[in-house]
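Everything on this sheet refers to the single structure shown next.
The values are calculated or read from the model by the stated rules, or taken from the named source; none is laboratory data. Owing to the predicted nature of the structure, the values given are computational and were not obtained by experimental measurement. Glycine also receives a Cβ, built like all others from the backbone with ideal geometry; neighbour counts cover every protein chain displayed. Surface areas here come from the heavy atoms of the whole protein model, side chains and all, with no ligands, DNA or RNA. Shrake-Rupley method; radii C 1.70, N 1.55, O 1.52, S 1.80 Å.
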Amino acid sequence: MVVKVYGPAYASPKRVLVCLIEKQIEFETVDVDHFKGEHKEPEFLKLQPFGVLPVIQDGDYTLYESRAIIRYYAEKFRDQGTELLGKTIEERGLVEQWLEVEAHNFQPPIHDLVINVLFSPILGVPSDAKAVQESDKKIAKVLDIYEERLSKAKYLAGDFFSLADLSHIPFGHYLVNQTGRGNLVRERKHVSAWWDDISNRPSWKKVLEQYKFPV
């Protein structure tokens, strides 16, 4: 059964697409136009009652929340494609730890930055300069911690690429390439090397080639 992924143009669904490619899982995509409010239409809300992307359909199984989805497929197809969860329970613990760090410390300030720098002009909403300044400060503090961690290990959970690294790629792309904040990464030697590594994976290049960001 082919996995159906909704909303491939946006960052969080791209997290799912990278995982599926790494795990060599066949999928198809369904466009959902966030700017036209298609994620709030009744038919979509039947799949995702909170009206948030992404959501997947796998036969009669429906799942939403991007990190839940990537955990699901990394476990279900553990013996297929790239091993993304670690080989020991201790490695798995570190993968989970850094997935949580990404969700609660890395993505939120970048999300706020993207909304104010990229999306507000499109939506005709004034940008919040104070929020942008606060986001910059938060991101810098987070990346200082990453720099320390990555001075001791090639990847966040150890010496292996995992979901922990993969989950950073879509919003990391926004930070480095589309918000004018690449310096926040480039000023940190180990973070910069890590970013170059994970953002040059064939899986991510394929996603970027086939599914353009909306802005």
On each of the three principal axes the extent of the alpha-carbon atoms of the chain, given in whole Å and largest first, is 48, 45, 27
Please give the per residue accessible area of the chain, computed with a probe of 1.4 Å over protein heavy atoms only, in Å². 49
What are the lysines whose alpha-carbon lies under 27 Å from the alpha-carbon of Lys212, with same-chain residues fewer than 8 places away excluded? Lys4, Lys14, Lys23, Lys36, Lys40, Lys46
With contacts defined as alpha carbon pairs under 8 Å and 6 or more residues apart, what's the relative contact order of the chain in percent? 22
List the aspartates and glutamates whose alpha-carbon lies under 16 Å from that of Lys189, not counting same-chain residues fewer than 8 positions away? Asp144, Glu147, Glu148, Asp197
antiparallel share of DSSP beta bridges within the chain, to nearest 5, in %, is 65
Which value at 222 nm does the chain reach when only helices count, each DSSP H run of 4 or more adding -39,500 (n - 2.57), with the total divided by all residues and rounded to the nearest 500 deg cm²/dmol? -14500 deg cm²/dmol
Diffing the range 81-97: the Karplus 3J(HN,Hα) column from phi (6.51, -1.76, 1.60, θ = phi - 60°), in whole Hz with x for Gly and Pro, holds x, 6, 6, 10, 10, x, 9, 10, 5, 5, 5, 4, x, 5, 4, 5, 4
Got the relative contact order for the range 1-43 handy, in percent, Cα pairs under 8 Å and 6 or more residues apart? 44
Comparing Leu123, Leu17, Leu166, which has the greatest mean-square fluctuation in the GNM of the chain with Cα pairs linked when under 10 Å apart? Leu123
Give the relative contact order (percent, whole number) for the range 123-215; include only Cα pairs under 8 Å separated by 6+ residues. 26
Lys and Arg at +1, Asp and Glu at -1: add these up for the other residues within a Cβ distance under 14 Å of Ser127 and post the number. -3
At a Förster radius of 30 Å, what calculated FRET efficiency corresponds to the Cβ-Cβ distance of Leu45 and Val125, to the nearest 0.05? 0.80
For the range 210-215, what does the Karplus curve 6.51 cos²θ - 1.76 cosθ + 1.60, with θ = phi - 60°, yield as ³J(HN,Hα) per residue in whole Hz, taken in order and with x for Gly and Pro? 9, 9, 6, 5, x, 9
Highest average packing first - 69-75, 29-35, Cβ atoms within 10 Å: 69-75, 29-35
J(HN,Hα) series, the range 6-11, from Karplus relation 6.51 cos²θ - 1.76 cosθ + 1.60, nearest Hz, glycine and proline x: 9, x, x, 6, 9, 4
Alpha carbon Rg of the range 46-161, scaled by the compact-globule rule 2.2 N^0.38 Å: 1.31
